[in-house]
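For reference, the structure discussed in these notes is given below.
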Amino acid sequence: MSDKKENQHALSRGSRRSFLVKIWIGLGFVALLEFIGVATAFLFPGKRRVTADNFKTVIEAGPADKFPLDSVTAFVRGKFYLVRLDDGGFLALSRKCTHLGCTVPWVSKEKKFVCPCHSSTFDIRGAVVSPPAPRALDIYHVFIENTVVKVDTAKKIKRTEFRSEHIVYPESV
Amino acid sequence: MTQHEVAPKKLSVFQRIRYSVFPGTQRPVKDQRGYRRFFNSLILHFRPRTVPDRTLRLTLSWGLGGMAVVLIFLLIGTGVLLKFVYEPFPGKAYDSILHLQRDVLFGQLIRNIHHWSANLILIVVFLHFLRVYFTGAFHPPRQFNWVIGLGLFFTVLLSNFTGYLLPWDQLAFWAVTICAGMLEYIPGVGLWLQKLIQGGPAVGSATLSNFYAIHTAILPALVITLMPLHFWRVRKAGGLVIPGAPGEIKGTRGESVPAIPNLILREVVVALVLLACILVFSVLFNAPLESKANPGLSPNPTKAPWYFLGIQEMLMHFHPFFSLFLIPILMMTALLGLPYIDYNTDTGGVWFASPTGRKTAVVAALTATVATPVGILADEHFIDLANWADHIPPLITNGLIPFVIIFAASAGFYVLIKRKYAATNNEAIQALFVLFLVAFLILTATGMWFRGPGMKLMLPFY
């Protein structure tokens, strides 16, 4: 009888110990997760640098009349092309190829953007003419204040294909 | 007075220093041999006391593992030297390389050694990987060491890739840009991962400091941790796999010989010959350096580093979801799983498993040599599924359909080999391995030599 009791006692002590061990291991995992979280947060690019530059993100391109119809003007500082279509509308296209991120030059002879990396081509509106690029070129928000064209480069707008509502028209035209 | 008479000899200060550093040399000649044995035991902390005579054959290991170790130490040595001159900032990195090459004595040589060793180690570890596979040195108890080896291979690959960016020339900048672009296609976490690695929306100063930290701290630490683990598992498995002729009864280790001098001498010879070759090569050929990185101008053509050209070539034919995500993940899983397949026999030590294995391997190699170029050319010139079926998304026309065709063809090949040659699953799986291996090598060669401006197919040097 007493033997059995002792056994039970030992068992309960054992399970208490294993319970505590489990708690310790659990806490260890929590600590590990915390460490990984802190390391990731540390390494992940913060937003501070972007907000500090925010006031510079709106780029004044110039008066709308300055841009001839059916033309492409490169803005190196904003990393975009300001496109004026033949109907007078404006588009600000990102110069980054949507395939793998190469810089796409405007080939005026062919009237196309031709990516040198994997030969994707885009038309003047940024729509894909030939793959492998999966999407049309990204655009930036264009707005026209007092006939001056401005481009907000803070946020790139992703689009799968070209649609007419992407074009911004000057009011007077 | 008596004390002076007892002392045998008065030692000069130089002798006292010498004996304090090398206590054994003070002993009589007969004891010095014992001292030599003591010194050898230092080596024996790292190498086994005796090794099976048959594993010493060069045609078993080709000294590839040893070469990789030598290259790692060479890379760490030259890398530490380069750290003293290199400045990891976009405005300064390129100029610091120029300064290294022009003004620093032996600067160019040190960079050359680092560059060529880094390229060579990839080839050496790849050949080592093939050697281990084709001698069946992944059967129990070596299963997990195969996994550790793959980990080391991956670490070496990442080291190469992170080092690729550091010179900050056009080649480096754009190769890393398109490789970072590839991450975007990983579903779910791709964009997040890309931003984390780049440290921002595009390759820039944050990317450079990230890569520098990974290249000079994290990956070397990982290599130095994994390497001893890899060697220790070899020791635990009883040394290298015992080579044998096909059909030979297993379990005979044969005669063992002392590692000193039999093993050590061979290792030293391999190391010295390798060092001499690298030194001569580095004196003759300079590491490439193009013009300074210009984020506004992508060179034509822009290619990934050569070891990723196989993946880049796949990218020309498959939708990115398949070529950059699904196929690499499947291949990686298959490689990790290779030692855990339930095999018919343990073929450890036999090159290409058996005579049937040799025959089926050749058949697989020939099949891939014919099928891969035919596939590439057909896809380039004739097949345009995306245009034929306009309304179906490219994920299906350019991804799922070709993927299913290739998957079915590979499965058919496996069944065919098994039936026609009455092959065991060791031999049939090896044939599949060879099929994919040769296809990958041909894809890499195509990306390297047959892709010109605009990534168009063309003959090299033409």
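The values are calculated or read from the model by the stated rules, or taken from the named source; none is laboratory data. A quick note: this is a predicted structure, and the numbers were derived from the prediction, not measured. Here Cβ is always computed from backbone atoms with ideal geometry, including for glycine, and neighbour counts include all displayed protein chains.
A few comments on the model shown:
Rundown of residues vs (1) of a type in the set (S, T, N, Q); (2) touching a Gly at 6+ places or on another chain (Cβ under 6 Å); (3) on the phi > 0 side of the Ramachandran plot, yes/no style:
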site: B:P288; (1), (2), (3): no, no, no
site: B:P295; (1), (2), (3): no, no, no
site: B:Q312; (1), (2), (3): yes, yes, no
site: B:T333; (1), (2), (3): yes, no, no
site: B:Y340; (1), (2), (3): no, no, no
site: B:V370; (1), (2), (3): no, no, no
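- When B:P90, B:P52 are checked against the criterion of being farther than 29 Å from B:R253 by Cβ and at pLDDT below 90, a single residue qualifies: B:P90.
- Complete set of residues in the stretch B:206-229 that are within 14 Å of chain A (Cβ to nearest Cβ) and surrounded by 14 or more Cβ atoms within 10 Å (Cβ to Cβ): B:A206, B:T207, B:L208, B:S209, B:N210, B:F211, B:Y212, B:A213, B:I214, B:I218
- Residue match in the stretch B:259-269 (condition: closer than 30 Å to B:G447 by Cβ and surrounded by 12 or more Cβ atoms within 10 Å (Cβ to Cβ)): no
- Selection of the stretch B:52-99 for residues being over 24 Å from B:I123 (Cα atoms) and of a type in the set (S, T, N, Q) yields only B:S96.
- Qualifying residue in the stretch B:4-15 (condition: surrounded by 11 or more Cβ atoms within 10 Å (Cβ to Cβ), at pLDDT 80 or above and not aliphatic (A, V, I, L, M)): yes
- Identity of the residue in the stretch B:405-462, within 14 Å of another protein chain (Cβ to nearest Cβ) and out of contact with any Pro (no Cβ under 8 Å at 6 or more places or on another chain), that ends up surrounded by the most Cβ atoms within 10 Å (Cβ to Cβ): B:G447
- Any hit, the stretch B:355-367, residues being surrounded by fewer than 20 Cβ atoms within 10 Å (Cβ to Cβ), among the basic types (K, R) and in the same structural domain as B:H114 (by TED's automatic domain parsing): no
- Within the stretch A:75-93, tally of residues that are assigned to a strand (DSSP E or B) and either at pLDDT below 80 or of a type in the set (K, R) (or both): 2
- Among the residues making up the stretch A:97-121, a single one is aromatic (F, W, Y) and crowded, with 24+ Cβ neighbours inside 10 Å: A:F113.
- The helices (runs of 4 or more DSSP H) found wholly in the stretch B:304-416 and carrying at least 1 residues that are touching a His at 6+ places or on another chain (Cβ under 8 Å) occupy B:309-317, B:355-381.
- Flag for A:A133 being in a loop (DSSP other than H, G, I, E, B) and of a type in the set (G, A, S): yes
Residue by residue, here is whether (1) over 20 Å from B:L437 (Cβ atoms); (2) part of a helix (DSSP H, G or I) holds:
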site	(1), (2)
B:H114	yes, yes
B:I123	no, yes
B:A137	no, no
B:Y164	yes, yes
B:L171	yes, yes
B:V176	yes, yes
B:A180	yes, yes
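- Residues (surrounded by 15 or more Cβ atoms within 10 Å (Cβ to Cβ) and in a loop (DSSP other than H, G, I, E, B)) located in the stretch B:274-291: B:A287, B:L289
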